[in-house]
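Read the structure below first, then the notes.
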Amino acid sequence: MKLFNKDEFIANEIKFYLLKNKTKEGEKLPSERELAEIFDAQRATIRNALTVLEEEGIIEKKERSGRYMGHPRIKTNLQQIKSFSDKLNDMGIETKNKLLSFESMEVDKELSKKVKLPIGTPIYKITRVRKVMKENEKIPIAIEYAYIPEDIAPKLLKYDVEEGSLFSILINEYKVIPQKEEQTIEIVYADEFEAKNLKVDKLTALVKKCGTTYDSQGNIIQYLHSIMNKDWVEFELDRPDIESKTKEGLYGL
């Protein structure tokens, strides 16, 4: 059973307070003094708790101004098949993408290991930077490399893949229904290309998510390799054993 220290306990209390009061993105938080009165805690404890929330990306600190509610994180359930565009639309977040390349190629030896297709298989490669709108500014949050076999989506080049959802095109235009997805997640560090396109420093920690999507017949319909800003994403896994451990940890409060 996990027991939280006082800073973590107060951080959770502040988090619930913000949720209960439906604090919106960009809204200013009460001062340290006010929070100390609300939670009957010392200001040093409040300050440490706020630092915990800053590190989690829940709130943001602006010098000489105070602390503000941070942007919402994009939640991804690893057991659900849902396009990136649909997740953002569900959250009411406006998206803008930048198409870096769209090409037809053949699977080589190295790519064959990733996409699980024979060498020489014709395949489309689509590279996009996924962006969200925040205060009229386009914020890049992910670089996405999508590989789609040409026999699954012939003449895909004629469709708008810059702003459109690839899943929507596959479903609506080619009647291909995603049925199963295998995913892996790891931490990587930004190279020069990733740093430039995501507007982060080189060697910044990022999330790399790779997934292979299959139709009901077991055919591979897409291999997706995404490099994401870790401050914008959050992953969930619906497993009873994990859920019970999480509840046990909360009861440890």
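Bear in mind that the values in this text are calculations on the coordinates, not laboratory data. From a predicted model like this one, the values you see are computed outputs, not experimental measurements. In this analysis, Cβ positions are derived from the backbone assuming ideal geometry, glycine residues included, and neighbour counts consider all displayed protein chains.
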May I ask you to evaluate 6.51 cos²θ - 1.76 cosθ + 1.60, the Karplus curve with θ = phi - 60°, for each residue of region 120-137 and list the ³J(HN,Hα) values in order in whole Hz, giving x for glycine and proline? x, 5, x, 8, 8, 10, 10, 10, 9, 9, 8, 10, 10, 8, 9, 6, 6, 10
Going by a ≥ b ≥ c, the root eigenvalues of the Cα gyration tensor, does region 108-160 fall in the rounded group (a/c under 1.5), the prolate group (a/b larger than b/c) or the oblate group? oblate
Quick query: amide H of L206 versus all other amide H atoms, modeled in the peptide plane; which residues come in under 5 Å with a sequence gap of 5 or more or a different chain? V188, Y189, A190
Which of the aspartates and glutamates could be linked to K22 by a straight reach, that is with a Cα gap under 16 Å, when you skip same-chain ones fewer than 8 residues away? E13
Under the classification rounded if a/c is under 1.5, otherwise prolate if a/b is larger than b/c and oblate if not, where does region 1-49 fall, given a ≥ b ≥ c as square roots of the Cα gyration tensor eigenvalues? oblate
Given H placed on each backbone N at 1.01 Å, which residues far from K138 in sequence or on other chains put an amide H within less than 5 Å of it? none
Using the crude model of +1 on Lys and Arg Cβ and -1 on Asp and Glu Cβ, and no other charge, please compute the dipole size for region 74-236 relative to its Cα centre, in debye to 20. 60
Over region 129-178, calculate the relative contact order: mean separation of alpha carbon pairs under 8 Å at least 6 apart, over the residue count, as a percent. 22
In the structure shown, do any of K15/K61; K113/K155; K62/K199; K175/K209; K15/K138; K138/K199 have a Cα-Cα gap over 21 Å, and if so which? K113/K155; K175/K209; K15/K138
How large is ³J(HN,Hα) for each residue in region 174-190, as worked out from phi by the Karplus curve 6.51 cos²θ - 1.76 cosθ + 1.60 (θ = phi - 60°), to whole Hz, x for Gly and Pro? 10, 6, 9, 10, x, 10, 9, 9, 10, 9, 10, 9, 8, 8, 10, 10, 4
Using DSSP to call loops (not H, G, I, E or B), can you name the trypsin sites (Lys or Arg not before Pro) in region 1-70 whose Cβ has at most 11 other Cβ atoms within 10 angstrom? K22, K24, R64
